[in-house]
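Note sheet for the following structure.
The values are calculated or read from the model by the stated rules, or taken from the named source; none is laboratory data. Given the structure is predicted, the values throughout are model-derived calculations rather than measurements. Using ideal geometry, Cβ is built from the backbone for each residue, glycine included, and neighbour counts are taken over all protein chains shown. Just so you know, the surface numbers come from the protein's heavy atoms only, side chains and all, with ligands and any DNA or RNA stripped out. Shrake-Rupley method; radii C 1.70, N 1.55, O 1.52, S 1.80 Å.
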Amino acid sequence: QVQLVESGGGLVNNGGSLRLSCEASMPIASMYAMGWYRQAPGEQRELVARILTLGSTSYGDFVKGRVVISRDKDKNAVHLQMNNLKPEDTDTYYCQAVDRGGEHWGQGTQVTVSS
């Protein structure tokens, strides 16, 4: 089963940037999809960005134009570049991988945007 480890979260000022990374224990080329979701306490997890096997991407409406998802197959990593962050982006961000075995999740990384 693939293991996912996120990094790059932290505290940033309103309007600042962060780059999240997710490293997989298995080749990401074998994944149907990889993506980033976020979740606030007591709320449902929502899609931030996703990249499919052939490279197509999709983004949540609330982040369009502010984030870019990319992948590095050599390093089995997926990155999320987030710009112009807002206080409402404060959440725990989770990396997801989807393969024939189903969905797999990382432990999450906290992003906090101060106003």
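Out of the residues in the range 24-43 that are within 26 Å of Glu88 (Cα to Cα), surrounded by 13 or more Cβ atoms within 10 Å (Cβ to Cβ) and not hydrophobic (A, V, I, L, M, F, W, C), state the one that is farthest from the chain's Cα centre (by Cα).
That would be Gln39.
Any idea which residue in the range 10-23 is surrounded by the fewest Cβ atoms within 10 Å (Cβ to Cβ), counting only those that are more than 16 Å from the chain's Cα centre (by Cα) and part of a loop (DSSP other than H, G, I, E, B)? Spell out the reasoning first.
Looking only at the range 10-23, we keep the residues that are more than 16 Å from the chain's Cα centre (by Cα), and these are 11-16.
Next, only the ones that are part of a loop (DSSP other than H, G, I, E, B) stay: 14-16.
Details: Asn14: 12, Gly15: 10, Gly16: 15.
Result: Gly15.
State which residue is farthest from Ile51 (Cα to Cα) when the search covers only the range 92-115 and only residues that are more than 12 Å from the chain's Cα centre (by Cα) and open to solvent by 30 Å² or more (accessible area, probe 1.4 Å). Please lay out each step first, then the result.
Of the range 92-115, the ones more than 12 Å from the chain's Cα centre (by Cα) are 98-104, 112-115.
This time we only want the ones that are open to solvent by 30 Å² or more (accessible area, probe 1.4 Å), so: 98, 100-101, 103, 112, 114-115.
Values: Val98: 11, Arg100: 16, Gly101: 18, Glu103: 14, Thr112: 24, Ser114: 29, Ser115: 30 Å.
Among residues in the range 92-115 that are more than 12 Å from the chain's Cα centre (by Cα) and open to solvent by 30 Å² or more (accessible area, probe 1.4 Å), the one farthest from Ile51 (Cα to Cα) is Ser115.
Going by the conditions given, is Ile51 out of contact with any Leu (no Cβ under 9 Å at 6 or more places or on another chain), buried (at least 18 other Cβ atoms within 10 Å of the Cβ) and not in a loop (DSSP other than H, G, I, E, B)? Steps first, please.
On the way: out of contact with any Leu (no Cβ under 9 Å at 6 or more places or on another chain): yes; buried (at least 18 other Cβ atoms within 10 Å of the Cβ): yes; not in a loop (DSSP other than H, G, I, E, B): yes.
It is true that Ile51 is out of contact with any Leu (no Cβ under 9 Å at 6 or more places or on another chain), buried (at least 18 other Cβ atoms within 10 Å of the Cβ) and not in a loop (DSSP other than H, G, I, E, B).
State all residues of the range 60-87 that are within 16 Å of Gly9 (Cβ to Cβ) and either touching a Lys or Arg at 6+ places or on another chain (Cβ under 8 Å) or not in a loop (DSSP other than H, G, I, E, B) (or both); if no residue qualifies, say none.
Of everything in the range 60-87, those that are within 16 Å of Gly9 (Cβ to Cβ) and either touching a Lys or Arg at 6+ places or on another chain (Cβ under 8 Å) or not in a loop (DSSP other than H, G, I, E, B) (or both) turn out to be Val67, Ile69, Ala77, Val78, His79, Leu80, Gln81, Met82, Asn83, Leu85, Pro87.
May I ask you to verify whether Gln44 is among the polar types (S, T, N, Q) and either in contact with a His (Cβ under 7 Å, 6 or more places away or on another chain) or not in a loop (DSSP other than H, G, I, E, B) (or both)?
Numbers: among the polar types (S, T, N, Q): yes; either in contact with a His (Cβ under 7 Å, 6 or more places away or on another chain) or not in a loop (DSSP other than H, G, I, E, B) (or both): no.
In short, no.
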